[in-house]
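Working notes, beginning with the structure itself.
Just so you know, all these numbers are worked out from the coordinates, no wet-lab data involved. Treat the numbers as computed from the prediction; the structure is a model and nothing was measured. No Cβ is skipped: glycine too gets one built from the backbone with ideal geometry, and neighbour counts run over all protein chains shown.
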Amino acid sequence: MTESVSAYMTRLGQAARAASRVLARTSTGQKNLALNAIADALGADREALVAANAEDVAAATAAGLESALLDRLTLTPARIDAMINGLKQVAALPDPVGAVRDLSARPSGIQIGKMRVPLGVIGIIYESRPNVTIDAASLCLKSGNATILRGGSEAIRSNRAIAACIQKGLAEVGLPAAAVQVVETTDRAAVGGLITMPEFVDVIVPRGGKNLIERISNDARVPVIKHLDGICHVYVDEAADLAKAESIAFNAKCYRYGICGAMETLLVDAKVAEAFLPAMARRFEERGVELRGCERTRDLIQALPATEADWSTEYLAPILSIRIVDGLDRAIEHINHYGSHHTDAIVTESLGRSRRFLAEVDSSSVMVNAPTCFADGFEYGLGAEIGISTDKLHARGPVGLEGLTSEKYVVFGDGHVRS
């Protein structure tokens with residue numbers, strides 16, 4: 001680069017701010033045309049995408065990137081198809097921008113309502129997975145936001161190839177190139193610049209490991225939509241249907257170990273532990289899940305001793321902590337103390353106990369008789385998600401199109417004056 005990283009990021013920010021004003025007035029039809037044009041460009045440039053990605057994978061392999069990250073980095077034909085289909089799905093979603101709700105007449109004669117509007121400019125920082133470039137671009141574009149995307153250095157060639165397709169689609173429908181910008185430099189100073197430009201960037205969304213998200217949360221001067229951990233619980237209540245509980249707990253842990261909605265701790269009411277845990281443990285052991293239990297748990301099943309650290313650990317692996325608790329109060333107390341406010345579930349046939357759990361567990365998603373792995377934007381009917389937020393302000397839980405917008409009051413009068 002011939003310019004400094006600081007000057008480069010400032011230039012991106014200025015261009016994004018100008019583009020955001022264009023997108024704020026762009027029609028739903030034009031945004032959908034852009035999304036479909038980008039999908040067509042991805043299909044037409046499939047060979048270039050595969051070639052660029054192969055270079056990234058080769059470089060990452062030579063650098064010793066671990067196998068799980070290599071898998072995330074690789075753009076298979078199926079993943080390219082999924083990117084194309086994802087763009088078309090987002091195009092088919094309802095546009096939240098401009099929707100007015102709660103319109104009501106006041107005694108003065110004016111009418112007041114709330115209108116949904118874009119946030120403005122969204123900076124997204126992510127690792128490894130180049131398909132996130134398309135996920136993020138599509139959601140931001142459909143919700144009327146300009147976006148600056150900073151992917152991991154290991155995916156730089158893939159992201160540049162995807163960015164070229166995005167630019168083709170934007171140009172085809174007459175939208176500004178700066179509506180979606182991919183940071184070209186791998187210099188880490190670019191991240192520092194992106195998260196400290198409140199004059200140009202309205203929101204930061206980090207997607208990646210805990211260390212990345214902690215760093216951004218600590219250093220950002222821009223609001224951050226994020227979650228650090230997915231320490232999710234399933235509580236088997238004394239009033240649970242135990243067959244149902246076994247199915248739910250197994251799915252919550254074993255659907256996919258590496259997702260943030262995977263169960264990491266199983267809580268079991270002492271009154272049903274003896275009837276429930278032995279069969280449940282056998283099923284986990286057959287799947288190869290390592291069990292770590294409290295002392296009371298180890299009186300009933302074979303398990304390693306659970307340490308204090310286990311209760312606050314997100315394993316993202318075939319490891320499960322199990323604790324026997326004395327009733328609903330102790331279960332709620334454990335979850336609110338050790339959990340990450342992501343997703344927690346109760347299995348019970350008691351309406352009153354389920355309502356208490358819903359009201360008192362302080363998490364972004366709380367479930368009754370369903371596994372925690374349902375915490376996903378697609379499963380929630382959002383079509384797609386930019387991430388999952390455990391914050392309490394603005395967006396909470398899976399963040400889809402509506403989560404990338406805000407509301408402002410709109411007032412309609414006809415020459416009314418205040419007396």
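Miscellaneous remarks
- Distances between placed amide hydrogens fall under 5 Å for M367 paired with D344, A345, I346, all partners being 5 or more residues away or on another chain.
- What you get for the chain, charging only the Cβ of Lys and Arg (+1) and of Asp and Glu (-1), is a dipole of about 1360 debye around the Cα centre.
- Between A63 and V417, the modelled labels are 6.7 nm apart [label points 7 Å from Cα along Cα→Cβ].
- Within a Gaussian network of the chain (alpha carbon springs, distance under 10 Å), most fluctuating of G98, G144, G64: G64
- On full extension, the segment bounded by K168 and R101 gains 20.5 nm, given 0.36 nm per residue less the C-alpha separation.
- For the chain, the C-alpha radius of gyration sits at 1.09 times the compact-globule guess of 2.2 N^0.38 Å, with N the residue count.
- With θ taken as phi - 60° and the Karplus curve 6.51 cos²θ - 1.76 cosθ + 1.60 applied, the whole-hertz 3J(HN,Hα) list for the stretch 409-416 is 6, 10, 10, 10, x, 9, x, 5 Hz, x standing for glycine and proline.
- Using the Cβ-Cβ distance between R330 and R287 with R0 = 22 Å, the FRET efficiency computed as 1/(1 + (r/R0)^6) comes to roughly 0.20.
- For A177 and E407, a Förster radius of 30 Å and the Cβ-Cβ distance give a FRET efficiency of 0.55, rounded to the nearest 0.05.
- The helix-only estimate of mean residue ellipticity at 222 nm for the chain, built from DSSP H runs of length n ≥ 4 each weighted as -39500 (n - 2.57), is -13500 deg cm²/dmol after division by the residue total.
- Modelled this way, with points 7 Å down the Cα-to-C-beta line, the labels at A48 and R221 are 3.7 nm from one another.
- Nearest-ten-degree value, helix 242-254 long axis tilted from longest Cα axis of the chain: 50 degrees
- If you sort the three axes of the alpha carbon gyration tensor as a ≥ b ≥ c, you get a/c under 1.5 for the stretch 232-379, which makes it rounded.
- Rounded to whole numbers, the Karplus 3J(HN,Hα) couplings from phi for the stretch 33-45 are 4, 5, 4, 6, 5, 5, 4, 5, 5, 4, x, 6, 9 Hz, using 6.51 cos²θ - 1.76 cosθ + 1.60 with θ = phi - 60°, and x at Gly and Pro.
- Checking the Cα-Cα distances for K244/K392; K210/K253; K31/K392; K168/K226; K244/K271 against a 24 Å cut-off, the pairs over it are K244/K392; K31/K392; K168/K226.
- Degrees separating the helix 156-173 axis from the principal Cα axis of the chain, which is the longest one: 50 degrees
- Where a label projected 7 Å from the Cα of K88 along Cα→Cβ would reach, residues of the stretch 11-36 with amide N under 19 Å: 29-36
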